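Engineer: Could you have a look at this structure, given as structure tokens, before my questions?
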Amino acid sequence: MNNIPVVMIIFGGSGDLAHRKLYPALFNLYEKGLIKDNFAVIGTARRPWSHEYLRGQVVQAISESNEHYDEQAAANFASHFYYQSHDVTDIDHYIALKKLAEDLDEKYHAQGNRIFYMAMAPRFFGTIASHINDQHLVGSGFNRLVVEKPFGHDLASAEELNKIIQGSFDEENVYRIDHYLGKEMVLDITPFRVTNPLVRNSWNAEVIQNIQVTVGESLGVGTRGGYYDTSGALRDMVQNHIFQIITLLAMPEPKKLTSQDIHQAKKDLLDSLEIPTKKDVEEHFVRGQYEAGKDNPAYLEEDQVDPNSNTETYTAGMVKFKRGPIAGVPIYYRTGKELKEKVTRIDIVLKQVENSYGTTEPNVLTIIVDPSKEIIFTINGKKVSGSGLREELLKFNYSQAELDKIPDGYERLIHDILVGDNTNFTHWAELKQYWKFIDAIEAAWSELNKEGKKPATYKPGSFGPASANNIFENPTDKWIYR
């Protein structure tokens, strides 16, 4: 790896994301040599920390993520960190931040390269982007802006935020980060699809009956009730993580494996996204809230949650495209809190064909993203004893040695930011279509609220409301993972 010179400014440097994810990821890249001697990191936040205190927090973050870390290496790494107490609404603080960045650029020979990482409350994203521009914080080298989710609350707010950001950064230098796009099995979707003739020749509307994406979480909202009640499962999970997976499953094969060609393939697909009507929402979409369980309160009883809230902790629905290799094939998703287990998986259900054995179970190609990393092909085979058929499983999984080498999603994506590869980040043209879809569902739900139709309820440890079993276009279809 190259030793990339850069000054990185992390807005929200005292926060949980920086502590749990960003600092350990940067340390791993430091140990691999991508950043080494010519980098500095400025952590900014309201807290009155010192350089030394931040460095102690960085070492602690590394120790919590890796019990076998090298203490001397961690200390050397942390020596590159500096702290600037910062009020993002105060212009004077940007002047001080600019001075510190320039001093560190000179000290570490960073060649004027800057990365600005927004790891704080989304309501400040626009303010920060504006002041980076009007206070001239950009350097003379490359300048890249990293934005965490959520990017807006709806299409209108996302468009406004994007307009502000474009005043400071070109689209190619905006990295809208989604850690799902750094997961090993999500990254494997495209090569798996296009390099295996058996799979590639089956990846079409003639062969595939439907696709099912399940993202389950076993915990409730916990201490995030205040945030979650303004978001809900649709905005929190579908608008980003789930749509990213769906896009990779449904997009046409890119002409080349360049960032430009991959994003063009995604845009071509998403321009044909079918936006649901209210009737579609009533027939093919479900929202729910978890009930009280043995160890948890009901959602409406959670701290900071409005007891009359209609915010969904579970949602299931259907996505369709008019173009692409699986145009017209329904893609179903479901996600929620307090479900049976924490799992992310994709089930590609193949159409059943008439045969001399009569009715058979469908072949299913399953990609398990988390917690294991597996590809499973469920086929039919003869029973060993007696007549009839049984299901057979053809499996691929990694060895433990291979699993140990798989980097965390943030490590992968920060690597890409450093080298200037925006393949695995969301472009505005894609995000805009996601928000159109989400807004249509939210508008329909708002109408249903006025009609007195509330979210369904479901028991903790289940797979969500029973009504989610009725969203399928074909009445004989069902959820594969039960």
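Engineer: Place +1 on the Cβ of every Lys and Arg and -1 on the Cβ of every Asp and Glu in the chain, take the dipole about the Cα centre, and give the residue among T366, Q400, I246 whose Cα lies farthest towards its positive end.
Structural biologist: T366
Engineer: OK, next. Run the numbers for S79 and S372: contour at 0.36 nm per residue of separation, minus the present Cα-Cα distance, in nm.
Structural biologist: Computed gain between S79 and S372 is 101.8 nm.
Engineer: Kindly identify the stretch 6-148 as rounded, prolate or oblate by the Cα gyration tensor criterion: order the square roots of the eigenvalues as a ≥ b ≥ c, call it rounded if a/c is under 1.5, otherwise compare a/b with b/c, prolate if a/b is larger, else oblate.
Structural biologist: Since a/c reaches 1.5 and a/b is larger than b/c, the shape of the stretch 6-148 is classed as prolate.
Engineer: In debye to the nearest 20, how big a dipole does the stretch 197-264 give about its Cα centre with +1 on each Lys and Arg Cβ and -1 on each Asp and Glu Cβ? Write out the running numbers ahead of the final one.
Structural biologist: Values: 5 positive and 6 negative charges, 34 e Å.
Dipole size: approximately 160 debye.
Engineer: In debye, nearest 20, what is the charge dipole magnitude of the chain about its Cα centre with +1 on Lys and Arg Cβ and -1 on Asp and Glu Cβ, if you could check?
Structural biologist: For the chain, the charge dipole is close to 1020 debye.
Engineer: Could I ask something else about it? Find which of Q212, A78, V146 sits farthest along the positive direction of the dipole of the chain, computed with +1 on the beta-carbon of Lys and Arg, -1 on that of Asp and Glu, about the Cα centre.
Structural biologist: Q212
Engineer: Once phi is turned into θ = phi - 60°, what whole-Hz ³J(HN,Hα) does the Karplus curve with 6.51, -1.76 and 1.60 give for every residue of the stretch 187-199, x standing for Gly and Pro?
Structural biologist: Those phi angles translate into 5, 7, 4, 5, x, 5, 5, 9, 9, 10, x, 4, 6 Hz.
Engineer: Once you list every other residue whose beta carbon is under 11 Å from the beta carbon of V286, what net charge do they have if Lys and Arg are +1 and Asp and Glu are -1?
Structural biologist: Numbers: positive: R287, R334; negative: E282, E283, E312.
Computed value for this residue: -1.
Engineer: May I pose another question? Can you give me the C-alpha center-to-center distance between the stretch 186-253 and the stretch 292-308, rounded to a whole angstrom?
Structural biologist: One Cα centre to the other: 28 Å.
Engineer: Work out the FRET efficiency for E402 and K342 from their Cβ-Cβ distance, taking R0 = 25 Å, and round it to the nearest 0.05.
Structural biologist: 0.70
Engineer: Something else now. Can you divide the C-alpha Rg of the stretch 416-482 by 2.2 N^0.38 Å and report the result to two decimal places?
Structural biologist: In units of the 2.2 N^0.38 Å rule of thumb, it is 1.68.
Engineer: Only helical DSSP H runs with n ≥ 4 go in: add -39500 (n - 2.57) per run for the chain, normalise by residue count and round the 222 nm mean residue ellipticity to 500 deg cm²/dmol.
Structural biologist: Only helices count here, giving -9500 deg cm²/dmol.
Engineer: Counting Lys and Arg as +1 and Asp and Glu as -1, what is the net charge of the other residues whose Cβ lies under 10 Å from the Cβ of K342?
Structural biologist: Here the count lands on -2.
Engineer: Please rank H131, H109, fewest neighbouring Cβ atoms within 10 Å first, as an exposure proxy.
Structural biologist: With the fewest neighbours first, H131, H109 line up as H109, H131.
Engineer: Between A327 and E391, with labels modelled 7 Å along Cα→Cβ, what's the label distance in nm to one decimal, could you check?
Structural biologist: Going from the A327 label point to the E391 one covers 3.3 nm.
Engineer: Continuing with the same structure: For the residue pair L219 and S446, what label-to-label distance in nm results when each label sits 7 Å from Cα along the Cα-to-beta-carbon direction?
Structural biologist: For L219 paired with S446, the spin-label model returns 3.2 nm.
Engineer: To continue, here is another question. Name the shape class, rounded, prolate or oblate, that the alpha-carbon gyration tensor gives for the chain, where a ≥ b ≥ c are the square roots of its eigenvalues, rounded holds for a/c under 1.5, and otherwise prolate holds if a/b is larger than b/c and oblate otherwise. Can you show the working numbers first?
Structural biologist: Working: a/c = 1.84, a/b = 1.55, b/c = 1.19.
Because a/c hits 1.5 or more and a/b exceeds b/c, the chain counts as prolate.
Engineer: Which percent of the Cα-Cα distances in the stretch 378-455 go past 20 Å?
Structural biologist: Counting pairs separated by more than 20 Å, the tail of P(r) holds 71 percent.
Engineer: Continuing with this model, one more query. About its Cα centre, what dipole magnitude does the stretch 347-482 give when the only charges are +1 on Lys and Arg Cβ and -1 on Asp and Glu Cβ, stated in debye to the nearest 20?
Structural biologist: Values: 16 positive and 20 negative charges, 119 e Å.
Roughly 580 debye for the stretch 347-482.
Engineer: Once the dipole of the stretch 161-284 is set up with Lys and Arg at +1 and Asp and Glu at -1 on Cβ about the Cα centre, which of S272, M185, G222 lies farthest towards its positive end?
Structural biologist: The Cα lying farthest towards the positive end belongs to M185.
Engineer: Ranking T127, T315, T426, T223 by Cβ neighbours within 10 Å, fewest first, what do you get?
Structural biologist: Listed from fewest to most nearby Cβ atoms, that is T223, T127, T426, T315.
Engineer: How far, in nm, would the chain grow between A429 and E64 when pulled straight, counting 0.36 nm per residue and subtracting the alpha carbon separation?
Structural biologist: 127.6 nm
Engineer: Name the lysines eligible as straight-distance cross-link partners of K99: C-alpha to C-alpha under 17 Å, and not fewer than 8 places from it in the same chain.
Structural biologist: K107
Engineer: What whole number of Å gives the distance from the Cα centroid of the stretch 88-107 to the Cα centroid of the stretch 140-185?
Structural biologist: 22
Quick note: the coordinates plus some simple rules give every number you see, no bench work behind them. Note that the structure is predicted; figures quoted are calculated from it, not measured. FYI the Cβ positions are ideal-geometry reconstructions off the backbone, even for glycines, and counts take in every protein chain you see.
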